[in-house]
Each structure stands twice: as structure tokens, then as C-alpha cells.
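K.L.:
My questions all concern the structure below.
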Amino acid sequence: DAQKNRNKNADNCISQRTRLKLTHKRPSKMAFSSSFFRLTVFLVLLAQIQFLSTVVAEEVRVEIIQPGNGPPITTSHRYTSHVTLYIENTSNGSKTKAGWSTRQSDGATTDQPFTFQPGVNLIEGWTEGVLQMNEGERSWLHVPAEKGYGERPMGNPNGGGFYIPGNSDLVFDIEILGKEGEQEL
């Protein structure tokens, strides 16, 4: 009887070890693949979120100083405007004059309105911004470098006129006076 009990106990131990081995398996290649897939999806989503936040930062923004009471700006007319150009430091919001203005109060020799037609020989950001404005409106037009002059520097870096370093975010203080040839608002 004692021998039978020892044999039975030994069988029970072997059975318990076998069950432990069966229930405690190492992660399979499939489990690893699944975890890797989830991590990859997470990283792709994170990259998309970062991309979208960058895209938002690269949008033209119009900040109204004084609303206009005229009709909306369109691509089918030429307009006269007063403009002062600044370079924007987006990290602290400061602005530095870039040396170009049509306003005597901002450094021009006389008030000399600038005439333009949206979409014709202008930087992309200018056109996008003014098309959000109305005649008579004065606004800060924030233009990211990608929609301005990009990597190209513009003007004279040694003084004597305006200068815009490459990769500069721009701010235009723009007042749209009215359509060319019509009475200015």
C-alpha cells in the first residue's frame, strides 16, 4: 500500500509539472507580432498628431485690428493698401520691422499705397490672408515661412531697403483701402 501511494504521489507531481508547463508558456511569435503591431500603430498615430500640429502652425492667420465695412476681398479685383512688413519670432511673439512700409508713420518717405491683385505675383500667404479680409479692414496677417519666401532670403542684408532672412515667419500690418480706382474707404 505504501508503494502504491508513493507511485500515485509521483504521478500527481508529474501531472502537476506538466500542467504548469502547459499553462505557463513563453510568449509566442504571434504574441510578439501583435505587440509589435500595436506599438507600430501607436507610433504612426503619434507621428500623425505631430504632423497635424505642424500643419496647424503653418496656416496663415488673420488677426483683426479694425474691422472693415466693405465687401469681401476677391481675386477678380485690384486693391490699394497700406502695409508694414515685420519678421515674427514665433517663440515669443515679438515682431521686428523688415524695412518695408507704405506708411510714412512706419518709415516710408511718404504715404504710398501698395496696389495688388490676390493671386497675382504675390506670396501664397498674402493671397490666403487677404482673401479672409474685407475692404476697409486693418489686420495683422501672420504668414509662416513656408507660405512666404521659404528658405530664400529677400532684399539687402547690408541695409538700404528691406531684408528678410531665409525661413522667416512674416507679419504684415495691412489695411485694405479699397478697389483700385474707386474712392478709398
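K.L.:
What nm distance separates the two modelled labels at S94 and L122, each placed 7 Å from Cα along Cα→Cβ?
P.N.:
Simple spin-label model gives 3.0 nm for this pair.
K.L.:
For a quick check of understanding: with a 1.4 angstrom probe and all protein chains in place, what accessible area in square angstrom does M154 have, to the nearest ten?
P.N.:
Rounded to the nearest 10, that gives 60 Å².
K.L.:
While we're on this one: So how much accessible area does R152 have, in Å² to the nearest 10, using a 1.4 Å probe?
P.N.:
Approximately 130 Å² of R152 is accessible to the 1.4 Å probe.
K.L.:
Here's something else I'd like to know. Convex hull over the alpha-carbon atoms of region 71-167: what's its volume per residue in Å³?
P.N.:
108
K.L.:
Moving on. Calculate what fraction, in whole %, of the accessible area of region 71-166 sits on carbon and sulfur atoms when a 1.4 Å probe is rolled over the protein chains.
P.N.:
48
K.L.:
Could you compute the FRET efficiency for N158 and H77, with r as their C-beta to C-beta distance and R0 at 35 Å, rounded to 0.05?
P.N.:
For N158 and H77, the calculated efficiency is 0.40.
K.L.:
Could you report the accessible area of T90 in Å², rounded to 10, computed with a 1.4 Å probe on the protein chains as they sit in the structure?
P.N.:
100
K.L.:
Where does each of S168, S91 land when they are ordered by accessible area, with a 1.4 Å probe and the largest first?
P.N.:
Output order, biggest surface exposure first: S91, S168.
K.L.:
Which whole-number value in Å² is the accessible area per residue of region 118-170, probe 1.4 Å?
P.N.:
Ligands and nucleic acids excluded, the figure is 47 Å² per residue.
The values are calculated or read from the model by the stated rules, or taken from the named source; none is laboratory data. Small disclaimer: the values here were computed from a predicted structure and weren't measured. All Cβ positions, glycine included, derive from the backbone under ideal geometry; neighbour counts span all protein chains shown. For accessibility, only protein heavy atoms count, side chains too; no ligands or nucleic acids. Shrake-Rupley method; radii C 1.70, N 1.55, O 1.52, S 1.80 Å.
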